Amino acid sequence: MRESTHASPARHGSIRRTLLVYLGALSLIGAVLLFVAARSYGRAAADRSYDHLLIASALSIADSVALVDGQWQVDLPYAALDLLAMAPEDRVFYRVASREGATITGYDDLPSPPSPPLDGKPRLFDALYRGEPTRFVAVSRWVAGPATQGQAIVQVGQTRIAREALADDVVLRAIVAIVVLSFAALALVWVGVHRALRPLQKLERDLSLREPSDLKPVAGEVPLELDQLVGALNRFMARLSASNETLRAFMADAAHQMRTPLAALRAQAQLALDEDDPAEQRRSLVTIERNASHMSRLLNQLLSDASAIHRSHLQQFETVDLAELLHQALYESIPQSGPRPDVRLAATQGPVLVRGDALLLREAIKNLIDNALKHGQPRPGSEGGPLQIALTVAEGEGASTAVLTVADHGPGIAPADAQTVFERFARGHDAAAGGAGLGLAIVKRIVDSHGGRIDLSNRVGGGLIVTLSLPRSAV
């Protein structure tokens, strides 16, 4: 059984689970906060309801305090305490005392308020009395007699049983509402997450149903959050489609171009095998060697073209010195043995920095020099001259350009061939034999990928001038 070689991306969590966890946690925190708020509100509401009764009872008792002949008298209105009897589970306590703290009537051991109510305002406070949490109120009242006056302090307390029961009832009702709202919120979160992720599921389904060769852009409306993702995916598929088309064209052209020299090699080899004359065999072997050399050059050009296509798509550019690349290309292109061609180099002082792929730029310069050396020789009977190579810097409006020119003394180029020579496997009418027609096509591809341009022109007196312009790097 053959194993699949397609590597799946490493999974790291789930968007659905992440959204549900965070939104569910947010709902839970909200429910807890609502519960705390409801509990606080329930206690405050219960206290407000019973505090009114507690204060009314204390004020009623304070109204019954009198000072007769310097003696305190209290005609306790039991109706005042009956107000608090509405909570039969609770116990009620009271005390009437003078300003000095002497008890006039009531429970002598009631806890004192945190601060005496000497300003006439009721003082409400909680305290533990006889083992039970109790709510107290203390009010003061000035009482005047015929000859004297004094201040009485009335304190009334009630246990918190009814208050707690009312608060618990409020909280219980709030809890029911909170639970219902929480479940409704979680249901909405689930539905919202499902609907939010539906475009992703549709996109996955559409892509999984496509044929491997179907690289057309993803159509249809997508949410705003997926617009950049789908745009990047469409751009990636466009680049992949262009790469596939280039690869198919390259394979077809390579097969077509290699078929003829291979057939010629086989035919010459067959002739050499059938030939008995050593001289004829040698001629056949020389022809075989010449065709093999031609096929080797063609294969090298095809590989160079494939490398240029691949690296141009990668766009892995960095700052490089074009002057240094020019010297390297000259060293690799000019024969180091045998007669050396006459080459004149004129380059600006200092580095000429551009952004690009050093390997591709060096390959482009080598192709220009190779073409000039191979096809730029003067015609018989015409006056020749050295191969002139110049590297200069041109300043323009807000931009600086590196300009490389290669000028030979060959036949030049016909106007009809000025554009077609940049096509793959296209050769000029006056081109020397043995070329593959890929040199200028490779240069054009490399220059275009670097945002530059290449121009051809005939020089006065014969010869071709190739001008290569590249934008300079600021760093």
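The values are calculated or read from the model by the stated rules, or taken from the named source; none is laboratory data. Keep in mind that what you see is a predicted model, and the values were worked out from it rather than measured. Cβ: placed from backbone, ideal geometry, glycine included. Neighbour counts: every protein chain shown.
Descriptive notes on the structure:
- Test: Ser40 is of a type in the set (S, T, N, Q), outside any loop (DSSP other than H, G, I, E, B), modelled with pLDDT under 85 and farther than 30 Å from Ser98 by Cα: no
- Taking region 269-318 as the range and being within 30 Å of His450 (Cβ to Cβ) and hydrophobic (A, V, I, L, M, F, W, C) as the test, the residues that pass are Leu298, Leu299, Leu302, Leu303, Ala306, Ala308, Ile309, Leu314, Phe317.
- Subset of region 262-308 (residues that are surrounded by 13 or more Cβ atoms within 10 Å (Cβ to Cβ) and under 30 Å from Asp357 (Cβ atoms)): His294, Met295, Arg297, Leu298, Leu299, Gln301, Leu302, Ser304, Asp305, Ala306, Ser307, Ala308
- Number of residues in region 118-149 that are outside any loop (DSSP other than H, G, I, E, B) and of a type in the set (D, E, K, R): the value is 5.
- Taking the listed residues Leu128, Leu181, the one that is under 60 Å from the mean Cα position of the chain (by Cα) and either among the aliphatic types (A, V, I, L, M) or at positive phi (or both) is Leu181, with no other qualifying.
- Residue in region 235-249 that is touching an Asp or Glu at 6+ places or on another chain (Cβ under 7 Å), surrounded by 11 or more Cβ atoms within 10 Å (Cβ to Cβ) and part of a helix (DSSP H, G or I) present: no
- Looking across region 426-475, just one residue is under 19 Å from Leu322 (Cα atoms), in contact with a strand residue (DSSP E or B) (Cβ under 7 Å, 6 or more places away or on another chain), modelled with pLDDT under 85 and surrounded by fewer than 16 Cβ atoms within 10 Å (Cβ to Cβ), and that is Val475.
- As a summary of the residue check, Asp370 satisfies the conditions (1) touching a residue at least 60 places away in the same chain (Cβ under 8 Å); (2) under 36 Å from the mean Cα position of the chain (by Cα); (3) surrounded by fewer than 20 Cβ atoms within 10 Å (Cβ to Cβ) except for the one numbered (2).
- Counted residues, region 65-102 - those being buried (at least 16 other Cβ atoms within 10 Å of the Cβ) and at pLDDT 80 or above: 12
- One residue from Arg340, Arg344 being exposed (fewer than 13 other Cβ atoms within 10 Å of the Cβ), out of contact with any Leu (no Cβ under 6 Å at 6 or more places or on another chain) and assigned to a loop (DSSP other than H, G, I, E, B): Arg340
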